[in-house]
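The values are calculated or read from the model by the stated rules, or taken from the named source; none is laboratory data. The shown structure was predicted, so the numbers you read here are calculated from the model rather than taken from an experiment. Cβ coordinates were reconstructed from backbone atoms using ideal geometry, including for glycine residues, and neighbour counts include every protein chain displayed.
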Amino acid sequence: MTSQRTRQRLIERLMDQGVTNHQVLDVIGDTPRHIFLDEALSHRAYEDTALPIGFGQTLSQPYIVARMTEVLLGAAGSVDKVLEVGTGSGYQTSILAQLVGQVYSVERIKPLQDKARERLRQIGLRNVQLRHADGGFGWPEMGPFNAILSTAAPRDVPPELLQQLAPNGVLVIPVGGNTQELRLIIREGDSDNFMTQVLEPVKFVPLLSGTTR
């Protein structure tokens with residue numbers, strides 16, 4: 001299940017799908033994805049598929065994790081401070097934390113956040129701060145951020161996230177309802193002008209408001 005050969009097959013699939021950033025591929029290959037799943041599903045950890053983690057949420061497909069991370073790293077001039085909207089299982093958080101300076105991650109579902117905190121501690125990642133809050137509002141006290149990555153899809157881009165981008169900061173976010181698209185949004189300097197690039201169709205859980213305990 002967790003053999004190097006199994007993980008290598010996943011990396012080869014990601015490369016076949018066009019992921020080229022070797023730092024991203026190395027981190028995904030080295031990260032134990034099975035610990036981010038309940039034991040009953042851990043045997044499927046290295047399949048290139050999204051898997052349920054409870055509370056109507058999912059562990060994102062490895063391709064999507066790799067693609068969003070690769071886009072973020074390629075577009076951001078600096079990655080000292082990165083905001084993640086939707087900690088979920090903590091898997092995407094763990095990939096980011098191994099590639100950027102500091103990750104600030106917001107999660108609205110407290111039991112998921114608690115599990116993610118324990119998993120991140122288990123693999124020794126100390127450059128992550130977690131907050132139980134409505135992700136659509138970001139984390140203004142800790143901003144601005146060089147980059148923001150959302151693991152849930154709002155119908156429209158929250159203006160609060162755009163305003164928390166540092167000059168030339170980037171936002172990687174799925175947007176839409178039944179039909180969604182992955183977007184790369186770049187702040188032009190320190191202005192309120194934003195350049196948007198549509199990357200590909202995607203399917204994410206919706207970005208919901210409020211918090212749950």
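Within the range 185-198, is even one residue in contact with an Asp or Glu (Cβ under 7 Å, 6 or more places away or on another chain) and within 29 Å of Gly54 (Cβ to Cβ)?
no
For the range 1-30, give me each residue that is out of contact with any His (no Cβ under 9 Å at 6 or more places or on another chain), at pLDDT below 95 and not in a helix (DSSP H, G or I).
Ser3, the sole residue that qualifies.
When only residues in the range 3-29 that are in contact (Cβ under 8 Å) with a residue 12 or more places away in the chain and charged (D, E, K, R) count, which is surrounded by the fewest Cβ atoms within 10 Å (Cβ to Cβ)?
Looking at residues that are in contact (Cβ under 8 Å) with a residue 12 or more places away in the chain and charged (D, E, K, R), I get Arg9.
Only one residue in Leu199, Leu184 is part of a strand (DSSP E or B), over 30 Å from Asp114 (Cβ atoms) and over 15 Å from the mean Cα position of the chain (by Cα), so which one is that?
Unique residue meeting the criteria: Leu199.
Report the residue count in the range 47-78 for those that are buried (at least 20 other Cβ atoms within 10 Å of the Cβ) and of a type in the set (Asp, Glu).
1
Only residues that are touching a residue at least 24 places away in the same chain (Cβ under 8 Å) and either within 21 Å of Arg67 (Cβ to Cβ) or exposed (fewer than 15 other Cβ atoms within 10 Å of the Cβ) (or both): list them for the range 35-46, please.
Start the filter on the range 35-46 by keeping residues that are touching a residue at least 24 places away in the same chain (Cβ under 8 Å), which leaves 35-37, 42-43, 45-46.
Selection gives Phe36, Leu37, His43, Ala45, Tyr46.
Has the range 133-140 got any residue that is surrounded by 24 or more Cβ atoms within 10 Å (Cβ to Cβ), outside any strand (DSSP E or B) and at pLDDT below 95?
Residues of the range 133-140 surrounded by 24 or more Cβ atoms within 10 Å (Cβ to Cβ): 135, 138.
Now drop any that are not outside any strand (DSSP E or B), which leaves 135, 138.
Filter once more, keeping what is at pLDDT below 95: 135.
Looking through the range 133-140, at least one residue is surrounded by 24 or more Cβ atoms within 10 Å (Cβ to Cβ), outside any strand (DSSP E or B) and at pLDDT below 95.
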